[in-house]
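Before any comments, here is the structure.
Quick note: the coordinates plus some simple rules give every number you see, no bench work behind them. Quick caveat, the model's predicted, so the values are computed rather than measured. In this analysis, Cβ positions are derived from the backbone assuming ideal geometry, glycine residues included, and neighbour counts consider all displayed protein chains.
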Amino acid sequence: APGDAPDWQGWPPEAASRYRDAGYWTDELLGDIVRRQAAARPEATALVDGERRWSYAALEREIAAVTRALHGLGLRRGDRVIVQLPNVAEFVLAWFALQRLGAVPVHAMPAHRRSEIDHLARVTGAVAYVVPDRHARFDHRSLAVEIREARNAVRRVIVVGDAGGHPDLVPFEALRQDDGPPPGGEPPDPGDLALLLLSGGTTGTPKLIPRTHRDYAYNARAAAEICRLGPETVYLAVLPIAFNFTMSCPGILGTLRAGGTVVLAPNPSPATALRLIERERVTLTAVNPPLVPHWLAEAEETRPDLTSLRVLQVGAARLPDEWARRIGPELGCRLQQVFGMAEGLLNLTRLDDAEEIVCTTQGRPISPGDEVRVTDEDGRPVPDGAAGELLTRGPYTLNGYYRAPRHTRAHFTEDGYYRTGDLVRRLPSGHLRVVGRVKDQINRGGEKIDATEVEEHLLAHPAVASAALVAAPDGELGERTVAFLVCAGPPPSARDIAAFLRERGVAAYKAPDRVRSLREMPLTPVGKIDKRALRALTHHAAP
Ligand code: J2J
């Protein structure tokens, strides 16, 4: 951390005691979730990954083994560990084992590459890195070795799958069989940092979001209550497992807390997901909007038995009202719109909300402790129904980013509200409609792209003199990225740029969908690049 600044800012004492008194915050530790259910219903199915199945008792045994093994590898309370895994059971085992040690998983996405992971390693001082062997035609082991060489703090690399006999890599399989003595050491405190989530970011590099045992357990519990989860719940994890939505809204944590069953989808394809719903009698699952028309088409074509499915959650980007209206009639389940953010605030439509509300709003806050303000450009509250920026604070919303005091000052008000950068209209009922954005971010079908971050990479290209990344409306993804470039010589193509970014170790989804060259950038009166003018150009751009 720079200077003597604390790593992150917690809640003011007055708010903390209010949240405790109201019962939002308890002393529940995330690491105890499976232990409790293993005592209550040892034989019930907790986790399904392909042909592999774990009862709560079996899951408990394996988490205990992995906890001992990680302790044996030297991991201790407070240590940060980058976890970059696809939807595999080992994520669940590693995650709960880290929680029991009081170590802090850093949630990387499978698509992240050297640029993102190196940044995470540097900022967090991570001591270990958990990777798959290969995933989506990428060898994560070689990236891990590179990171380990560049970052001395990363002492251990743990590989799920084939460690290839590489002496520096620890096979995860060996951790599952550990039968050493139970680890001693201090248990974590409920107020401790429990995990670090990645923000979509708007400031050049991904910011890290500190979440504590207390606030994250409350997030999962409150969402689970609204979704009425119980032991009969079967949750299908379709979106990436490390995503806040999949983890705790109510997701994996909410389901396991309720004693239900978590089923992992190995890929997001509609055929895979719909087959799993039929086979495992799934009751709840969650997708982003671009998947919706594909699910509808697949269901129509293959007619799978979806009678078990009660609720389909859709979130992470704006769901068009017309798609929303088709879900109930065509899939035979209820739609629940989800407007969440890794920073905290979670909005859900309720199971008993009127159809019109469910199809046209993105829900309302899950907690009576959530405070919401909708303000104009000068920070003054706007009346209900008018568009304004959404500001929020509450029992599970962060008070500042991790080791980033400058970003924290930019994104929080004096009185501790987080500026979401989202433009919303609030109905008198408290429901929110997301109508736009004031942050410099592109939401590519739920995947957030920080324009500044990509622009900095583009400017490193020798032919590029000036660069701006903007969103263009897109029928499939909602938005796609267009890079406007001013070049000295012949402009690079979209393929050239994609190859250039890959070379720099940038995740592939950040490569611009289209590249257009301009003679000069349109500027605002104060001399900044006029992104509004550029966005207008995308509307009549040839594909
Ligand atoms: C419009 N924009 C939305 C929605 C998120 C649950 C669900 C999603 C996320 C998530 C999450 C939206 N309509 N329904 O963490 O727990 C945009 C907003 C928001 C940003 C947050 C969860 N749902 N968004 O998407 O941290 O712009 O979290 O501020 O990735 O996604 O992105 P992220």
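A few remarks follow.
- Cα gyration tensor category, rounded, prolate or oblate, for segment 441-539 with a/c compared to 1.5: oblate
- Stretchable slack from THR302 to GLU414, in nm (0.36 nm times residue separation minus alpha-carbon distance): 34.9 nm
- Label-point separation, GLU456 to GLU232 (7 Å along Cα→Cβ), nm: 5.1
- Evaluated at q = 0.05, 0.08, 0.09 Å⁻¹: base-10 log I(q)/I(0), Debye formula over Cα of the chain: -0.19, -0.51, -0.66
- Counted residue by residue at 0.36 nm each, then reduced by the alpha carbon distance between them, the extension gain from SER493 to GLU377 reaches 38.0 nm.
- Subtracting the Cα-Cα distance of ARG406 and THR272 from 0.36 nm times their residue separation leaves 43.9 nm of extension gain.
- In units of the rule-of-thumb radius 2.2 N^0.38 Å, segment 355-442 shows an alpha carbon radius of gyration of 1.11.
- Residue list for segment 380-407, given a label point 7 angstrom along the Cα-to-Cβ vector of VAL438 and an amide N cut-off under 16 Å: 380-393
- Whole-number D in µm²/s for segment 214-437 (Stokes-Einstein; Kirkwood sum over Cα pairs; 25 °C, 0.890 mPa s): 137
- Between GLU355 and ALA536, the modelled label-to-label distance comes to 4.1 nm, taking each label 7 Å out from Cα in the direction of the beta carbon.
- Packing order of peptides 388-401, 272-285, highest average first: 388-401, 272-285 (average count of other Cβ atoms within 10 Å over each peptide's residues).
- The sum of -39500 (n - 2.57) across all DSSP H runs of n ≥ 4, divided by the residue count of the chain, sets its helix-only mean residue ellipticity at 222 nm to -9500 deg cm²/dmol.
- Protection proxy ranking of 22-33, 210-221, 374-385 - average other beta-carbon atoms within 10 Å, highest first: 210-221, 22-33, 374-385
- Modelled label positions at ARG502 and ARG52, each set 7 Å beyond Cα in the direction of Cβ, lie 3.0 nm from each other.
- Compactness relative to 2.2 N^0.38 Å, alpha carbon Rg of segment 1-95: 1.41
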